[in-house]
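Notes follow the structure.
Every number in this text was worked out from the coordinates using simple rules, so none of it is lab data. As the structure is a computational prediction, the values presented were derived from the model and not from experiment. Positions of Cβ are generated from backbone atoms using ideal geometry, with glycine treated the same way; all protein chains shown enter the neighbour counts.
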Amino acid sequence: MAYSPHTPEDRARMLAAIGVASVDELFADIPESLRSSGLSLPAPDSEAELTHRLQALAQRNRVDLVSFLGAGAYRHFIPPVVDQMLLRSEFYTAYTPYQPEISQGTLQTIYEYQSLMAELTGLDVVSASHYDGATATAEAALMTCRATSRDRVLVSRSVHPHYRQTICTYFAGASLVSDEIPLVADGPAAGTTDLAALERMLADAEHPVAGVVAANPSFLGLLEPMAEIGRLAHAAGALFVSVVEPVSLAVLATPGEYRADIAAGDGQPLGIPLAYGGPYLGILACREALVRGIPGRLVGMTTDIDGKRAFVMTLRAREQDIRREKASSNICTNQALCALSASIYVAALGPHGLRDVAALGAARAAELEAALAAAGVPRLHSGPYLNEFAVRADDAAGVHARLLERGILAGLPLARVEPGDPALRDALLVCATEVTTAAEIAAFAGAIGEEVAR
Amino acid sequence: MSATHDRERQTLFERSRPGRGGGKVPHPPKDALSRIPSTYLRAAGAALPEISEPELVRHYVNLSQLNYAIDTGFYPLGSCTMKYNPKVNEWAARLPGFAGLHPLVPDELAQGTLQLLWELESALAEIGGMKAVTLQPAAGAQGELTGILMVRAYHLSRGDTERTEVLVPDSAHGTNPATASMAGFRTVTIPSAPDGGVDVAAFRAALGPHTAAIMITNPSTVGLFESRLHELLEAVHEAGALAYMDGANLNAIMGRFKPGEAGFDVMHINVHKTFSTPHGGGGPGAGPVGVGEKLLPFLPSPRVLRESDGSFRLETPGERRTSIGRVRAFVGNTGVLVRAYAYIRANGGCGLCEVSDDAVLAANYMKSQVAEFLDVPFDRHCMHEFVASAATLKAETGVRTLDLAKRLIDYGYHPPTIYFPLTVEEALLIEPTETESVETLDAFVEALRKIVAEAHTDPDLLYAAPHDSPVRRLDETTAARQPNLRWRAMTGSQTPCPD
């Protein structure tokens, strides 16, 4: 085996100490009829062969295209200090800080993560991480049901389709109901959550609502009337869950400001590589009043017996290893190292740097909008956006495919993820971030102009 | 004793000075946000710390030195399989072709990763004796939820709506009953037999038309192979229920026992245990789930498919109507799965068998030594871990397992898992793994032996332990009664705890 420290003599010594002649004897408890004989898998690679094989596989992926693809995962500049600090073995190869005396590094960084995300979201309590934005959102929806003892949530179609589907999967198990709030079809508010429909859905006295879930920016990149959505939710006795993108919170109104009860989102934009979908970081935050219902680990500040400041996992009675079937969730291993990435990234950029990332993305996106419009590819909606928006292009899928051949990844053909929505049939979702260049925008606009004119 | 001085333990917020940091990204034009109505904008900037890079590096390097980790020492944390994490895996996950790939690119741009995922699914299916595997679940607990949701879908697809219970032995990980609850089932807890194994008669008595599934950890959480498994699985299937295997302890049995072949219908695998991906202070991991024939239609979407021309693609939305749906965004913790793939390739089939053999050998070797001075409740060969108990020691000296564990810290070791499983009094669950040298195993045993001797001669030394760690025993009561879960000094709303 590849990473064994044992010599044949070591093994012989251990067998002799146990008093058996061979390792086979140690497996005597496996009934004869249930034994298998070996594994039909390839022979081992030497490390040199392995690196060659992996390099060849990695090179079969295409990451050289000029990309305008976002849709829930975003390309950003990651300062090298993030990975250098992350790779400290003492963070990387430790586990859950069950022994706080020798885990203060992990515990303090988690406390700092909680504090940084609390600042960004404007909320009080942040769990020490969930798997990704989708599962954090599903857990937020479940929290609203537990907190209100109601069994129905309303989820705006402004929320990422993968997140909505994940809520459905989680809710099916628990026999809870999630209904979709439609988007406004046309006019200046087109593409944002339909407030009149929301009001009607909340008025169903037969079936009171536990929580209302909406996203800002929305999946389509639009800024949503979050304060109004929250007001309607609260008036009906429901909790309000805001799905957020963390970089945007450096400039956009926070869930705390528009009185959301819970915020959920994906922390990937905070220094975490795209890596084909994970590992990412589920952010889950709530108001202080909900602290005993939030799932996931929490770290608190305390002192040791000498009075020295220290950090420890706390309010553990919510968790599966203590409460078992009555726990607030089954979550155990989470995404601690990704939370550390997010913290180092935010600290490396600082408040002004993070604001610059968000504002520069917005500036590049405005340039992209203008260039695409001039090329005959206008926006699909007219409401304000930050750095992502949908454009209309006849035969969007065909245009997208032809641009690929020209080395341009023209965002996401929305019909791929929302096949049932006629409003999105001929639309591309495109985004710009601080790494998008003027030359890339010009190349994209030039090429798509030619394709749509064909 | 850490080389880090206390002054280096300031929080990020205490290190902050206005005007420090910067230079990472270009400045945007002044009017970058002017097109956005002010009602959508944040009223006041976020009160985040301002720190120069040199200070930032010192902050994190010093904090890291307060941690114990596999790369610094022996970490026999039972049930967690803290084996060595190969460095080539880290190199692989960072290759730009893997790390830079967006999850929503068209399939033709992702052929390398899709091939890797497809091959990894096949390898895990072979190891588990399962028909197919989904790599989507982000962790073992999410794998459990995925598996139990498939069980639910299976029964409902047959029009069987009466199956509302999941049977779980009392020795199970807490995630098992918590998962059953999340999936809408009632947990029925079954006591273990005196020999530490499943009590088949008790299971038989509880099985019936209301049983949806049993969840069994095998090898069990006391580190024993469930020798009455065959009988149990027969009874489960006779009752029309399904059998879930918690694969947390897969490191013991690769090549010796394949759960799918033995009759389990579904299992999860923790790649951060058996397949060497780093534990990261609490994740990320990944929790692939293997299924047999019955649950195949219900696997979460999207699956990775191989076309007849040898290319790979993801299922399209709605392509397989029987699926339980998505359990997360995108396709999985791919970066973690690259590492698991590299590990499996580095070992090959024969190497993985040796991994299990050596893990079991090391655990039995340690058990034979530890039995000389602590209770070892189950007098059988163990699998990859074993449970010891300080029950007798406590009766004789008053010293508890907790005190032994804290004193181990003074000797430079991470303690084993303690007070789990719940079925053994004063339990220490010790898992050496296959990557620790015999010298390391011997030195740990000698430390534990000395500590047990100290318990008789100088118990106060243990009660007050650890003496030499970065901090000593903590005030957990105040932490829970007056929770301080975030720094507030920078917004001025609350003064921080004094040093």
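List of remarks:
- With θ taken as phi - 60° and the Karplus curve 6.51 cos²θ - 1.76 cosθ + 1.60 applied, the whole-hertz 3J(HN,Hα) list for region B:417-423 is 5, 10, 6, 9, x, 5, 7 Hz, x standing for glycine and proline.
- For the peptides B:389-396, B:183-190, the ranking by mean Cβ contacts within 10 Å, running from highest to lowest, is B:183-190, B:389-396.
- Summarising the strand pairing of the protein assembly as shown, around 55 percent of its internal DSSP beta bridges are antiparallel.
- Relative intensity, log₁₀ I(q)/I(0), of the protein assembly as shown from a Debye sum that treats every alpha carbon as a point, q = 0.06, 0.07, 0.09 Å⁻¹: -0.40, -0.55, -0.93
- Using θ = phi - 60° and Karplus 6.51 cos²θ - 1.76 cosθ + 1.60, couplings along region A:220-227 (whole Hz; Gly, Pro as x): 7, x, 7, 7, 9, x, 5, 4
- Amide H within-cut-off set for B:GLY100, under 5 Å, with H built and near neighbours excluded: A:ALA275
- Hydrodynamic estimate: the Kirkwood radius of region B:354-477 over Cα pairs, inserted into Stokes-Einstein at 25 °C and 0.890 mPa s, corresponds to D of 166 µm²/s.
- Peptide A:250-262, shielding by other chains (average Cβ, 10 Å cutoff): 3
- Compactness of region B:268-348, expressed as Rg and Dmax over alpha-carbon positions, Å: 14.4, 42
- Helix A:47-60 axis versus longest C-alpha principal axis of chain A: approximately 10°, rounded to the nearest ten.
- Ranked by how many other Cβ atoms sit within 10 Å of their own Cβ, fewest first, the residues B:TYR411, A:TYR163, A:TYR385, B:TYR40 fall in the order B:TYR411, B:TYR40, A:TYR385, A:TYR163.
- Counting DSSP beta bridges with both ends in region B:88-344, the antiparallel % (nearest 5): 35
- Contact order for region B:1-135, expressed relative to its length and based on alpha carbon pairs under 8 Å spaced 6+ residues apart, stands at 23 percent.
- Rel. contact order, % - alpha carbon contacts under 8 angstrom, at least six apart, region B:155-270: 23
- Listing B:SER311, A:SER103 from fewest to most neighbouring C-beta atoms within 10 Å gives B:SER311, A:SER103.
- Inter-part distance where region A:156-173 and region B:326-358 are each reduced to a Cα centre, Å: 29
- Exposure proxy ranking, count of Cβ atoms within 10 Å, fewest first, for B:SER16, A:SER127: B:SER16, A:SER127
- Alpha carbon centroid spacing (whole Å) that separates region B:180-200 from region B:435-488: 32
- Selection from B:THR189, B:HIS279, B:PRO103 lying farthest towards where the dipole of region B:88-344 points positive, charges on Cβ: B:PRO103
- Cα-based reach from B:LYS450 at 17 Å (exclusive), listing lysines while leaving out same-chain residues under 8 positions away: B:LYS367, B:LYS394, B:LYS406
- Angle between chain A longest axis and helix A:396-405 axis [Cα atoms, degrees, rounded to 10]: 60
- For region B:334-426, the spread of Cα coordinates along the three principal axes comes to 50, 29, 26 Å, biggest extent given first.
- Degrees, to the nearest 10: A:438-453 long Cα axis against longest axis of chain A: 60
- Chain A - Debye-derived log10 I(q)/I(0), Cα point model, q = 0.14 Å⁻¹: -1.32
- Normalised by the number of residues in chain A, the mean separation of alpha-carbon contacts (under 8 Å, six or more apart) gives a relative contact order of 19 percent.
- Cα gyration tensor shape for chain B, rounded if a/c is under 1.5, else prolate or oblate: oblate
- Percent breakdown of C-alpha pair distances by 10 Å bin, ordered from the shortest bin, for region B:88-344: 7, 32, 35, 19, 6, 1
- Proximal lysines to B:LYS258, defined as alpha-carbon separation beneath 25 angstrom and excluding residues fewer than eight positions away on the same chain: B:LYS83, B:LYS131, B:LYS273, B:LYS294
- Other protein chain Cβ atoms within 10 Å, averaged over every residue that makes up A:171-180: 3
- Alpha-carbon Rg/Rh ratio, for region B:221-306, with Rh computed the Kirkwood way: 1.00
- Peptide B:12-24, shielding by other chains (average Cβ, 10 Å cutoff): 4
- Gap separating the Cα centres of region A:368-416 and region B:53-90, nearest whole Å: 44
- For region B:235-243, putting each phi into the Karplus relation 6.51 cos²θ - 1.76 cosθ + 1.60 with θ = phi - 60° gives couplings of 5, 4, 6, 4, 7, x, 9, 10, 10 Hz, in residue order, rounded to whole numbers and with x for Gly and Pro.
- Computed [θ] at 222 nm, deg cm²/dmol, the protein assembly as shown (DSSP H ≥ 4; -39,500 (n - 2.57); rounded to nearest 500): -11500 deg cm²/dmol
- Dividing the convex hull volume of the alpha carbon atoms of region A:177-302 by its residue count gives 153 Å³ per residue.
- DSSP-defined antiparallel bridges as percent of all bridges, chain B, nearest 5: 50
- Eigenvalues of the alpha-carbon gyration tensor of region A:81-344, scaled by 5 and square-rooted, set the equivalent ellipsoid semi-axes at 32, 20, 16 angstrom, largest first.
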